[in-house]
Amino acid sequence: MKFTLAWLKEHLDTDASLAEIADKLTMIGLEVESVEDKAALLEPFVIASVISAEKHPNADRLRVCMVDIGQVAKGNKPIQVVCGAPNARGGMKAVFSPPGTFIPGKNITLSVGTIRGVESRGMLISGAEIGVSDDHDGIIELAADAPVGKSYAEYADLGDPVIDINLTPNRPDCTGVSGIARDLGAASIGTFKDRTVKPVKGVFPCPVNVTLDFGQTPSLCPAFGLRLMKGVKNGPSPDWLQKRLTAIGLRPINALVDITNFITFDRARPLHVFDAAKVNGNLTVRRARNGETLLALDGKTYTLDQGMCVIADEKGVESLAGIMGGEATGCSEATTDVLIESALWSELNIAQTGRKLGINSDARYRFERGVDPNFMLPGLELATQMVLDLCGGAPSEIVVAGDPTPKEKVIDFPLSELTRLTGLKLPLPDVRRTLEKLGFFTAGQGERVKVAVPSWRPDIEGRADIVEEIVRIVGVDQVPPAPFPRGANARKPVLTAIQNRTRKAKRALAARAMVEAVTWSFVSKKEAELFGGGDSALALANPIAVELSDMRPSLIPGLLTAAQRNADRGYRDVALFEVGQIFNGDRPEDQLTAATGVRRALATANGSGRHWSAAAKAVDAFDAKSDAFAVLAAAGAPMQALQVVPGAPPWLHPGRSGTIQIGPQNVLGYFGELHPRTLAALQAEGPVVAFEIVLEKIPEPKTKATRAKAALELSPFQPIERDFAFIVDGSVKAADLVRAAQSADRKLIANVSVFDLYEGKGIEPGKKSIAIAVTIQPRDKTMTDEEIEALAGKVVAEVNKRTGGMLRA
């Protein structure tokens, strides 16, 4: 919601500064998003006289101008400026900016420059370059009597700051400047000017009747008011009105339309005007018929259905009720008779219709939040008076269909409720004064009062809302601090197991130089089916886009798309992760938390990338495996029980992927290189590796005792490392060999790792050589050579027994 300071002061008598007003707005819940003070921004721009404009010696389309900004009368030389504007000429008045000036339209700061060999010490400005118009074809041309040397902002009356506030949906009253002024007046930043609208007497009966025709269906229009103005003279609106609308980003059209736009923002009362000569017969407010169309004022044709409310004449639909009028009955400068409409609409229906048709208008914004029903007819009277003042004419009597009178809402409010909810203790006079300044009516003198809610506050439903109104006006900073009782016992954990795992997984992946991403929870139907989803139960009823139609079965599509988007912009080597929800069905237990990551191109787990010291290495399945194991370790998975088996979902490369499980019934996740078919379907380039771990699948510790960390045990004796190479069948897994070696003596063998795999010359076909390093850690004493050899023999025997492996000669 935008408005100017001068506009606000028409409703608020205040001497407060702009900064004070902005601070108070935020404190009372009307958060200020920005304050645009063009006077400050355009302060360096001054009015100049162009003494001469000669052709540039080295360019046909440039002119060398000599400019006076008031220094010539003091005996100084004129300023030389090179200008390319076609309208630059001697004797004209223009706007000049000296070196060092910031040009907002071009986002540059001027400096002294040389253009085609001629020095230029400033710039003559176009309207587009300082944001006062869209004209960029020529420089601003001012009146001949414009005072040289004067600030252009002051001369053009651009000194009115524009304030932009972020409204919450429950404050429809503040979609008008008067409502904002009322709140500021209640907060003692000034005095609210409550200007009552005087009725305008009609001089003849309105010849157009209105019928509300909804049959047996619920009414979508509680009330409708209409008045005919004859003999108006439409044309451009006066300068003050055009400037007011332009300041908040609206385009002036003509006086009749500008009046309705002004009242929409001034009093939060949307109106509509019909060219009466283009209306056929009487008006009917009804539901649209399926297939009816409307060419709206935005130039688009909309197809309507029976869930929408329209205003129709005997010819057909002329307006989409409460959202946008039709082009066929729009007012132009040729309009002489005009119908002014002021109505009430169903908030829910306005929101549904606007969303279905994709129309966002100022009228919809207000009607779907709820307008003041008591101002329906005064708003029509106000528009009538403005039309009389600006366009002349004669008004008819008002025709009203329906009843605009709202139901009274009275709340029984005990003063103790204020203290109970906020800790504030205010005397009754202060409470009554605050509420009455906001437009509430209070009755009663005891500890309980009756509070009547004003018609412009549909958001006030109960006692808590009354408390909120008092607190925001008195000031949240007045709420007394209260100690939080901690109790004698230790605090219980507030995070669930899955919340803890989520935090730990994010930290573990960030520590591995991966960047967290947040992607859409929706994917296209094609992507959902590619990654094992696509069930009709997970298709969105009202998707925000065609490519976001289904709930995601995996986080990989979103991360892969993000990685490719980075690559398209020059960042090829990216490593992204996300911890978020995936959806296997529409039941609560089908919604799981996955920790997922992708690495692309040279973004390996060791972070080597491209470097002169070694050849660059592309990502592979082992990078994804190490990321997955880092997540599992951080989340508390039993690492010794994990099994890595070949095979993975079809979107991964069948020979370069694996599944992580604890037994065949509990699959924790998978990792590997993405299948070329998957990359092609998502229009991505490889190599890309990925992993996905489902955090809910990680088993909880069985007892409390297992949750405690084991005591750190450091042996005083030197560890011993022995290497073994075994010849095994090609089908034997390295993990089976490692487990066999560990089982030789779990107390003394601290670690077993694979450091070599060989197939080829010197090895029988169908066989392979796996070399392992076994770390032996003595616990009680230094081991003798005989004891070491005996343990080595047990390792060889155990490997032979479990895998058939023979020690390589």
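When R289 is tested against the conditions (1) open to solvent by 50 Å² or more (accessible area, probe 1.4 Å); (2) without any contact (Cβ under 8 Å) to a residue 60 or more places away in the chain; (3) in contact with a strand residue (DSSP E or B) (Cβ under 8 Å, 6 or more places away or on another chain); (4) of a type outside the set (D, E), the lone failure is (3).
Is it the case that E798 is part of a helix (DSSP H, G or I), at negative phi and without any contact (Cβ under 8 Å) to a residue 24 or more places away in the chain? Against the criterion (part of a helix (DSSP H, G or I), at negative phi and without any contact (Cβ under 8 Å) to a residue 24 or more places away in the chain), E798 does not qualify. For region 308-419, no helices (runs of 4 or more DSSP H) sit wholly inside it while including 3 or more residues that are under 23 Å from P218 (Cβ atoms), touching a strand residue (DSSP E or B) at 6+ places or on another chain (Cβ under 9 Å) and of a type in the set (S, T, N, Q).
Can you work out which of the residues in region 684-710 that are open to solvent by 90 Å² or more (accessible area, probe 1.4 Å) and more than 30 Å from F583 (Cβ to Cβ) is modelled with the highest pLDDT? This residue is A710.
Return the total of residues in region 283-302 being part of a strand (DSSP E or B) and not basic (K, R). The qualifying residues number 9. Output the residues belonging to region 254-283 that are of a type outside the set (A, V, I, L, M), farther than 19 Å from C331 by Cβ and crowded, with 17+ Cβ neighbours inside 10 Å. Those that are of a type outside the set (A, V, I, L, M), farther than 19 Å from C331 by Cβ and crowded, with 17+ Cβ neighbours inside 10 Å: D266, R267.
If you scan region 442-457, which residues turn out to be part of a loop (DSSP other than H, G, I, E, B) and charged (D, E, K, R)? Scanning region 442-457 gives E447, R457. In the set A383, A321, A312, only one residue is closer than 16 Å to P270 by Cα, out of contact with any helix residue (DSSP H, G or I) (no Cβ under 7 Å at 6 or more places or on another chain) and among the hydrophobic types (A, V, I, L, M, F, W, C); that residue is A321.
Would you check if A363 is surrounded by 21 or more Cβ atoms within 10 Å (Cβ to Cβ), touching a Pro at 6+ places or on another chain (Cβ under 6 Å) and not hydroxyl-bearing (S, T, Y)?
yes
Could you run through region 20-45 and say how many residues are over 23 Å from L245 (Cα atoms) and open to solvent by 30 Å² or more (accessible area, probe 1.4 Å)? First the steps, then the outcome.
Taking region 20-45 and keeping what is over 23 Å from L245 (Cα atoms), we get 20, 23-24, 26-29, 44-45.
From what is left, the residues that are open to solvent by 30 Å² or more (accessible area, probe 1.4 Å) are 20, 23-24, 26-27, 29, 44.
Qualifying residue count, region 20-45: 7.
Going through region 103-130 one residue at a time, which ones are part of a strand (DSSP E or B) and either open to solvent by less than 70 Å² (accessible area, probe 1.4 Å) or aliphatic (A, V, I, L, M) (or both)? If the condition is that a residue be part of a strand (DSSP E or B) and either open to solvent by less than 70 Å² (accessible area, probe 1.4 Å) or aliphatic (A, V, I, L, M) (or both), then I103, I108, G113, I115, V118, S120, M123, L124, S126 are the ones that fit.
Only a single criterion out of (1) open to solvent by less than 60 Å² (accessible area, probe 1.4 Å); (2) touching an Asp or Glu at 6+ places or on another chain (Cβ under 9 Å) is not satisfied by A734, namely (2).
Note on region 536-570: residues that are surrounded by 11 or more Cβ atoms within 10 Å (Cβ to Cβ), in a loop (DSSP other than H, G, I, E, B) and among the polar types (S, T, N, Q) total 2. Test K761 against the criterion of being surrounded by fewer than 11 Cβ atoms within 10 Å (Cβ to Cβ) and over 24 Å from L642 (Cα atoms), and give yes or no. Yes; evaluated as a whole, the condition is true for this residue.
When restricted to residues that are part of a strand (DSSP E or B) and either free of Cβ contacts under 8 Å to residues at least 24 places away in the same chain or surrounded by fewer than 15 Cβ atoms within 10 Å (Cβ to Cβ) (or both), region 74-102 contains 2.
Whenever a residue of region 106-122 is under 18 Å from V132 (Cβ atoms), its partners that are loosely packed, with under 12 Cβ neighbours inside 10 Å and of a type outside the set (D, E), lying with C-beta atoms within less than 7 angstrom and at least six residues away or across chains, give the pairs L110/G100. Taking the conditions exactly as written (surrounded by 13 or more Cβ atoms within 10 Å (Cβ to Cβ), in a loop (DSSP other than H, G, I, E, B) and small (G, A, S)), does G439 satisfy them or not? For G439, the condition - surrounded by 13 or more Cβ atoms within 10 Å (Cβ to Cβ), in a loop (DSSP other than H, G, I, E, B) and small (G, A, S) - is met. Restricting attention to region 478-531, the residues being small (G, A, S), loosely packed, with under 14 Cβ neighbours inside 10 Å and either touching a strand residue (DSSP E or B) at 6+ places or on another chain (Cβ under 6 Å) or not in a loop (DSSP other than H, G, I, E, B) (or both) number 2.
For region 413-429, a tally of residues being in contact (Cβ under 8 Å) with a residue 40 or more places away in the chain and open to solvent by 50 Å² or more (accessible area, probe 1.4 Å) returns 1.
The values are calculated or read from the model by the stated rules, or taken from the named source; none is laboratory data. The structure displayed is predicted, hence computed values, not measured ones. Heads up, the Cβs are rebuilt from the backbone with ideal geometry, glycines too, and the neighbour counts pull from every protein chain shown. Only protein heavy atoms, including side chains, enter the accessible area calculation; ligands, DNA and RNA are left aside. Shrake-Rupley method; radii C 1.70, N 1.55, O 1.52, S 1.80 Å.
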